[in-house]
């Protein structure tokens with residue numbers, strides 16, 4: 001498996017959310033959230049991803065969040081930094097900064113808004129990979145970027161030495177099956193879609209970069225371990241218990257619901273987000289609270 005010197009990036013990697021209080025990063029809640037997940041077996045973190053509200057974080061904040069996580073993690077699990085943007089030059093700049101900080105890999109999203117053709121995507125990711133020694137994980141999430149990577153594009157990019165894998169968040173299991181068949185066996189396949197994780201794992205995926213793992217890390221890790229042991233029916237039975245909760249995590253755009261759930265559970269002090277996102281609509285409170293209570297989370 002292609003990897004950094006220390007990690008293979010398998011398992012449940014949490015797309016870490018960023019707690020805020022009065023507009024500022026709440027580092028006390030951040031430490032509590034990271035520790036909670038580590039104590040429940042999480043296999044890694046992505047910092048400065050969509051779930052972290054990356055469009056509204058300054059790089060100084062990213063550096064401080066990374067330093068906080070690095071101190072707590074203490075080399076036990078990988079720390080990946082999201083560095084993607086819709087400017088190749090800016091993505092290269094951020095990736096170099098992530099490397100200088102000591103990140104274990106960079107997560108690079110498909111450029112959004114400017115809608116590049118597939119040949120532009122190949123050139124973009126190749127240029128980023130060439131600029132760094134970091135392992136690069138591609139991020140395909142057409143629901144947010146509009147443009148989607150084709151299987152051919154991903155296959156071409158898999159030939160570049162330090163492009164080690166992909167976070168595949170289309171939720172299209174047929175497409176994921178195609179990737180599994182066509183990509184090299186050592187190319188890392190991580191789901192980016194909580195709701196379809198079990199089918200993804202069953203087709204041979206290596207893990208997930210997850211939103212749900214912020215709240216239910218122990219369950220997500222257990223499903224992964226059970227699935228890896230070939231006990232998919234057992235994993236699916238337990239997953240079904242949480243299916244409604246996972247659906248509710250997306251009742252409004254991520255990370256609005258997950259932050260309210262973490263606040264409701266007492267892990268973070270506030271469900272606050274930065275504009276243009278806003279806190280969860282009151283209409284969802286009762287249903288989410290009921291579901292959390294039924295699962296013993298409250």
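Quick rundown of the values:
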{"read-out": "Gain upon complete extension [residue 233, residue 93; 0.36 nm per residue less C-alpha separation]", "value": "45.9 nm"}
{"read-out": "Paramagnetic label zone (point 7 Å from Cα along Cα-to-C-beta, residue 247; backbone N under 14 Å) in the stretch 194-213", "value": "195-196"}
{"read-out": "Distance between modelled label sites at residue 218 and residue 27, nm, 7 Å Cα→Cβ extension", "value": "3.0"}
{"read-out": "For the stretch 11-229: span of alpha carbons on each principal axis (Å, largest first)", "value": "44, 42, 28"}
{"read-out": "Quarter of Cα convex hull surface for the stretch 145-228, i.e. mean projection, nm²", "value": "5.8"}
{"read-out": "Extended-chain gain in nm, criterion 0.36 nm per residue less alpha-carbon gap, residue 186 and residue 74", "value": "37.6 nm"}
{"read-out": "For the stretch 115-269: relative contact order, % (alpha-carbon pairs under 8 angstrom, 6 or more apart)", "value": "15"}
{"read-out": "Efficiency of FRET from Cβ geometry, residue 59 and residue 203, R₀ 30 Å, rounded to 0.05", "value": "0.20"}
{"read-out": "Taking the chain and dividing mean pair separation by its residue count, relative contact order in percent (alpha carbons under 8 Å, at least six apart)", "value": "20"}
{"read-out": "FRET E, pair residue 152, residue 293, Förster distance 51 Å, beta-carbon r, rounded to 0.05", "value": "0.60"}
{"read-out": "Two-site label geometry, residue 162 and residue 277: point separation in nm, points 7 Å out along Cα→Cβ", "value": "2.9"}
{"read-out": "DSSP beta bridge pairing in the chain, given as percent antiparallel to the nearest 5", "value": "5"}
{"read-out": "The stretch 56-143 - Rg (one decimal) and Dmax (whole number), Cα, Å", "value": "13.3, 41"}
{"read-out": "Computed helical MRE - 222 nm, the chain, DSSP H runs ≥ 4 contributing -39500 (n - 2.57), nearest 500", "value": "-13000 deg cm²/dmol"}
{"read-out": "Gain upon complete extension [residue 285, residue 101; 0.36 nm per residue less C-alpha separation]", "value": "62.3 nm"}
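Only the coordinates and a few stated rules stand behind these numbers; no lab work does. Fair warning: this is a prediction, and the values are worked out from it, not measured in the lab. Glycine gets a Cβ as well: all are built from the backbone with ideal geometry, and neighbour counts include every protein chain shown.
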